[in-house]
1. Scan (1) in contact with a Leu (Cβ under 8 Å, 6 or more places away or on another chain); (2) over 19 Å from E15 (Cα atoms); (3) touching a residue at least 60 places away in the same chain (Cβ under 8 Å) for the single condition A156 breaks and write down its number.
2. If you take the residues of the range 8-44 that are of a type in the set (A, V, I, L, M, F, W, C) and within 13 Å of P54 (Cβ to Cβ), which of them is surrounded by the most Cβ atoms within 10 Å (Cβ to Cβ)?
3. Consider A87 carefully, then state whether it is surrounded by 12 or more Cβ atoms within 10 Å (Cβ to Cβ), at pLDDT below 75, out of contact with any Phe, Trp or Tyr (no Cβ under 9 Å at 6 or more places or on another chain) and not hydroxyl-bearing (S, T, Y).
4. Going residue by residue through the range 2-11, is there one that turns out to be over 22 Å from A86 (Cα atoms) and among the aliphatic types (A, V, I, L, M)?
5. Can you find even one residue in the range 59-71 that is at pLDDT below 60, assigned to a helix (DSSP H, G or I) and among the β-branched types (V, I, T)?
6. Where residues in the range 133-161 are among the polar types (S, T, N, Q) and in a loop (DSSP other than H, G, I, E, B), which of them is modelled with the lowest pLDDT?
7. Inside the range 1-55, can you point out the residues that are touching a His at 6+ places or on another chain (Cβ under 9 Å) and farther than 18 Å from A89 by Cα?
Amino acid sequence: MAILEVLSRSKRLCEERSVIILMYPPHLKENVKPGQKITIYHGSQERHLNTLLPVNDYAVRHGFSKRPNSKLKPLLFFATNPITAAAYALPETLLAKLREMPREQRQRFIGEINASFGSVYGKELQLPHRFGRKPFLVERIESKKLNQIIVVTNRAISPDKKLMSLGEVCLEDPGRKMLIQAIQKALGSTSSQGRDDRTNSVWNF
């Protein structure tokens, strides 16, 4: 798996201090510069958590924690895409069933998906202006194998928001938000133009 392959290159896996590991593809390197604010998402089958602890769940399920002398217990976040994190909020047995199912039949399982859905937790992370030792160590790993920003940490995280259903996750998706904003902007400018030009009652999109 690409995420674990990239994570295995980290030089900070044996650090006992607070560590943030940023993994990202080359085209997104501008989004992880010092001082940058990024929103990160963590998918969990546990609901109503007020604190996210690095319990090594992701690493255990994929055999990563079997490495000797590995003190870092990764708490995995996806930046830029809450929908990817949502997959980790569902039981793996249900995900396996959905993968084997034809796409046109998946809609029938929306009820089962929502009933089994845990939560996606969001947090705005302020990177330090200098990647030194305070308030936490930061390591950046660039990899062409990744298609989005991955954040791994051994720190406890208090989430800013909790997305309790797949519908809420979809509404949080940045791509969807941009589309909605573009539509609202188009509607706003069109209605303004319609008010100014009283001889033309047709909106042009």
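The values are calculated or read from the model by the stated rules, or taken from the named source; none is laboratory data. These numbers come from a predicted model, not from an experiment. Counting neighbours? That spans all protein chains shown, and the Cβs are built from the backbone with ideal geometry, glycine included.
1. If we test A156 against (1) in contact with a Leu (Cβ under 8 Å, 6 or more places away or on another chain); (2) over 19 Å from E15 (Cα atoms); (3) touching a residue at least 60 places away in the same chain (Cβ under 8 Å), just (2) comes out false.
2. Initially, the range 8-44 is screened for residues of a type in the set (A, V, I, L, M, F, W, C), giving 13-14, 19-23, 28, 32, 38, 40.
The next check asks that each one be within 13 Å of P54 (Cβ to Cβ); those that pass are 13, 19-21.
Working: L13: 20, V19: 21, I20: 23, I21: 25.
Taking the candidates together, the pick is I21.
3. Working: surrounded by 12 or more Cβ atoms within 10 Å (Cβ to Cβ): yes; at pLDDT below 75: no; out of contact with any Phe, Trp or Tyr (no Cβ under 9 Å at 6 or more places or on another chain): yes; not hydroxyl-bearing (S, T, Y): yes.
Answer is no for this residue.
4. Within the range 2-11, the first condition is being over 22 Å from A86 (Cα atoms), and the residues that meet it are 8-11.
The next check asks that each one be among the aliphatic types (A, V, I, L, M); those that pass are none.
So far as the range 2-11 goes, no, none of its residues is over 22 Å from A86 (Cα atoms) and among the aliphatic types (A, V, I, L, M).
5. From the range 59-71, those at pLDDT below 60 are 59-71; that's our starting set.
Pick out the ones that are also assigned to a helix (DSSP H, G or I) and you get 59-61, 64-66.
With the extra rule that they be among the β-branched types (V, I, T), the set shrinks to 60.
The answer is yes, given that some residue of the range 59-71 is at pLDDT below 60, assigned to a helix (DSSP H, G or I) and among the β-branched types (V, I, T).
6. Here is the first cut: in the range 133-161, the residues among the polar types (S, T, N, Q) are 143, 147-148, 153-154, 158.
So of that shortlist, the ones also in a loop (DSSP other than H, G, I, E, B) come out as 143, 147-148, 154, 158.
Working: S143: 93, N147: 89, Q148: 89, N154: 80, S158: 91.
Here the residue is N154.
7. M1, L4, P34, G35
So that you can scan it fast, the table gives a plain yes or no per residue for (1) out of contact with any helix residue (DSSP H, G or I) (no Cβ under 6 Å at 6 or more places or on another chain); (2) loosely packed, with under 13 Cβ neighbours inside 10 Å; (3) in a helix (DSSP H, G or I):
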residue	(1), (2), (3)
L94	no, no, yes
K97	yes, no, yes
E104	yes, yes, yes
Q107	yes, yes, yes
A115	yes, yes, yes
K123	yes, no, no
P128	yes, no, no
F131	yes, no, no
